[in-house]
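The values are calculated or read from the model by the stated rules, or taken from the named source; none is laboratory data. These figures come from a predicted structure and were not determined experimentally. Ideal geometry is used to build each Cβ from the backbone, glycine not excepted, and the neighbour counts take in all protein chains shown. Side chains are part of the model used for accessible areas, which takes the heavy atoms of the whole protein and leaves out ligands, DNA and RNA. Shrake-Rupley method; radii C 1.70, N 1.55, O 1.52, S 1.80 Å.
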Amino acid sequence: METLNRRKFLQTTGIAAGVVAGPLLKFASGNTSLNDTINIAVIGFHGRGANHISNFSRIPNVRVATLCDVDERLFAKGVKSLSKYDYKVKTEYDLRRVLDDKDIHAVSVATPDHWHALATIWACQAGKDVYVEKPASHNISEGRKMIEAARKYNRIVQVGTQSRSNPSIQAAMKFLHEGGIGDVYMAKGLCFKPRDTIGKKTDGPVPEGVHYDLWLGPARERPFNENRFHYNWHWFWDYGCADSGNQGPHEMDKARWGLNKNEYPVRVKCIGGHFAFDDDQETPNTQTAVFEFEDGKLLEFETRGLYTNTEDGIRIGNLYYGTKGWMHLDGGTWKTYFGRNNEPGPSMAGKGDNPMNLAGDGDDNHFENFIKAVRSRNPKDLTAPMEVGHLSTAYCHLANISYRLQREVKFDGKAECFIADAEADRLLTRDYRKPFVVPDKV
């Protein structure tokens, strides 16, 4: 395979000056009709990307035109999942070839975390709109560059925090913001997901059909290992962000939403560890993070991957505490209680009340919301624009930085850096492997 550096990539796609040509022009310059077909490429579809395929393909006048993954062994299954539609689906292993395709209007990024930023930035530069899975980025610096790229190239970028599009959760947030339980002074996110050991595996040859150099992308060079590949990449710092950055973006997003905090915390302390198992995993399976804001309000996030009770019956969800009462939010269902006797107050039963259903009925809505904004060309139509996804993701990164340094950190939200802490600042970004470099100027 020919290796394309960033400059050659821009030259070959003809967008060095941010120019968009061909079928993309009407999507870049104005509204589109409901009858215009939007062609989407799903990039990465071994896991969550399969949901992207099914959700986008169900939307009228949206076509999943290309499936892209570095593992060609997945192509047959992916194409079969779209066999009921009357069009031929392309397959590609190199996302740069997808971005060079003038017939593709938008990309849906469900790669491992370490690819989210570069895939999004390159797509914006190529004139594509982007739906990118959570966590929005692999580090805080990347998230800021993604915002800059979306703004500079006038792209629609939605982050996959689906709860933002869930009507029941929207109603819960409205209730909280209108003082329903008084002044909300603390919110807590819960991630009690059972995680078994990943064991130990030795390095080995790259399987046939896997383009491992592309999979590594920005990450450092390491031999191929099945334990660092499909899904288990979550538990290695080079590629993933632990469950704090896996489930955390959902629950921390809802926690800060309920607190009505559109700002960074000033102090973060995270403790935890990797308990019970002697295996290859680098990230913790138990974490407790506390975020303190300038006004003294608190946000907590807790990960329990081993054996645990629930909190008020919740395994994946949120709790909110106010000066008059408190709220239980589990999937799309919320309940409120008041006074010393926990007298029941207003509540709402949302769809998908199974506690492992992360967003209730928000999932379909979120993909549809993205398409609505692609058609309108108005970022304000998005329920989770890049700015929102970046801030919630950054909370996850702050927790992991505190955990990795094994101490409290103090943060300057306006400057987006730590206060007199060069050691922590180094973890705001990473060392990139050329040519897969997130540039200083997008």
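Observations
- Yes/no for GLY296 being among the small types (Gly, Ala, Ser), over 23 Å from the mean Cα position of the chain (by Cα), closer than 22 Å to VAL184 by Cβ and at pLDDT 95 or above: yes
- Residue in the stretch 395-420 that is most open to solvent (accessible area, probe 1.4 Å), counting only those that are in contact (Cβ under 8 Å) with a residue 24 or more places away in the chain and small (Gly, Ala, Ser): GLY413
- Residue satisfying condition, being touching a residue at least 40 places away in the same chain (Cβ under 8 Å), of a type in the set (A, V, I, L, M, F, W, C) and either at positive phi or assigned to a loop (DSSP other than H, G, I, E, B) (or both), within set ALA276, ALA255: ALA276
- LEU118 meets the conditions (1) open to solvent by 10 Å² or more (accessible area, probe 1.4 Å); (2) out of contact with any His (no Cβ under 8 Å at 6 or more places or on another chain); (3) in a helix (DSSP H, G or I) in every case but one. The failed one is (1).
- Here GLU208 does not qualify as at pLDDT 95 or above, within 26 Å of PRO385 (Cβ to Cβ) and either surrounded by fewer than 16 Cβ atoms within 10 Å (Cβ to Cβ) or of a type in the set (Asp, Glu) (or both).
- Pairs, first touching a residue at least 40 places away in the same chain (Cβ under 8 Å) in the stretch 57-73, second assigned to a loop (DSSP other than H, G, I, E, B) and surrounded by 24 or more Cβ atoms within 10 Å (Cβ to Cβ), C-beta under 9 Å, six or more apart: VAL70/GLY44; VAL70/THR111
- ALA117 meets all of the listed conditions (1) hydrophobic (A, V, I, L, M, F, W, C); (2) touching a strand residue (DSSP E or B) at 6+ places or on another chain (Cβ under 8 Å); (3) at pLDDT 95 or above but one, namely (2).
- Residue-level analysis places ASP278 outside the set of residues that are of a type in the set (D, E, K, R) and either closer than 18 Å to GLU251 by Cβ or open to solvent by less than 50 Å² (accessible area, probe 1.4 Å) (or both).
- The single condition from (1) farther than 27 Å from TRP237 by Cβ; (2) at pLDDT 95 or above that SER83 fails is (2).
- Which listed residue is of a type outside the set (Lys, Arg) and not in a strand (DSSP E or B), from THR91, THR111: THR111
- Strands (runs of 3 or more DSSP E) contained in the stretch 122-193 and holding at least 3 residues open to solvent by 10 Å² or more (accessible area, probe 1.4 Å), over 28 Å from PHE418 (Cα atoms) and modelled with pLDDT of 95 or more: none
- Boolean, ASP312 is among the acidic types (Asp, Glu) and on the phi > 0 side of the Ramachandran plot: yes
- Residue pairs whose Cβ atoms lie under 6 Å apart, sitting 6 or more positions apart in sequence or on different chains, and linking a residue in the stretch 421-442 that is farther than 28 Å from LYS269 by Cα to a partner that is at pLDDT below 95 and in a loop (DSSP other than H, G, I, E, B), are PRO435/ASN5.
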